[in-house]
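Here's the structure, in structure tokens; my notes come after.
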Amino acid sequence: MTQALIGVVMGSSSDWDTMQHAVQILQQFGIPHEARVVSAHRMPDDMFDYAQTAATRGLQAIIAGAGGAAHLPGMIAAKTVVPVLGVPVQTKALSGVDSLHSIVQMPKGVPVATFAIGAAGAANAALFAVAMLANHDATLRSKLEAFRAEQTAMARAMTLPPVS
Ligand code: RP5
């Protein structure tokens, strides 16, 4: 089995609707990855073990998504120097602003790179991880440049409807 380079973790299977957008990007770029539920408050020992073994298992980055009092990305970052990319999951009660604030407001010294709330954040976290790997992989960099060029072409081809 290929060794995962990127770990995708989330606090609940209910986060999958959001976090699958990260996995879809990793699949698209052919990045070896793993995805699993690691709940900070329901599985704290598993979370610590995941973070503590991340570097020796060869993970280059961890994408961590959670909603509400979203301590998963910060607590993983507390136990590893592998870069952690945090994805705030949209919540019903506070629309994900709670998740965003929980993840982005890390005190100085233990960073979590924080992305947008929801699917866009999950996809962008994966694209950021791809960009990190592409620094040391010319083929991957070409793929990423082609991905951007495709978006540019699609934007240039956009037309507007007549005024109604
Ligand atoms: C967090 O609580 C999870 O990340 C999820 O976003 C939220 C709700 O979890 P469930 O009650 O749906 O399992 O830990």
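The values are calculated or read from the model by the stated rules, or taken from the named source; none is laboratory data. Everything quoted here is computed from the prediction, not taken from an experiment. Reconstructed Cβ throughout: ideal geometry from the backbone, glycine too, with neighbour counts over all protein chains shown.
Annotations for the structure displayed:
- Residue in the range 38-55 that is within 13 Å of the ligand (Cβ to nearest atom) and closer than 27 Å to residue 144 by Cα present: no
- A residue that is of a type in the set (Lys, Arg) and touching a helix residue (DSSP H, G or I) at 6+ places or on another chain (Cβ under 9 Å) occurs somewhere in the range 74-94.
- Any hit, the range 54-76, residues being part of a loop (DSSP other than H, G, I, E, B), crowded, with 17+ Cβ neighbours inside 10 Å and either modelled with pLDDT under 95 or of a type in the set (S, T, N, Q) (or both): yes
- Residue that is farthest from the ligand (Cβ to nearest atom) [pool: residues in the range 67-92 that are closer than 17 Å to residue 34 by Cβ and among the hydrophobic types (A, V, I, L, M, F, W, C)]: 82
- Residues in the range 111-133 that are in a helix (DSSP H, G or I), of a type outside the set (Phe, Trp, Tyr) and away from the ligand (no atom under 16 Å from the Cβ): 120, 123, 124, 126, 127, 129, 130, 131, 132, 133.
- Candidates are the residues of the range 77-110 that are part of a strand (DSSP E or B) and aliphatic (A, V, I, L, M); the one that is farthest from residue 133 (Cα to Cα) is 89.
- Taken together, the criteria place residue 28 among residues that are away from the ligand (no atom under 16 Å from the Cβ), modelled with pLDDT of 95 or more and either among the aromatic types (Phe, Trp, Tyr) or surrounded by fewer than 23 Cβ atoms within 10 Å (Cβ to Cβ) (or both).
- Summed over the range 3-25, the residues that are small (Gly, Ala, Ser) and near the ligand (Cβ under 10 Å from one of its atoms) give a count of 4.
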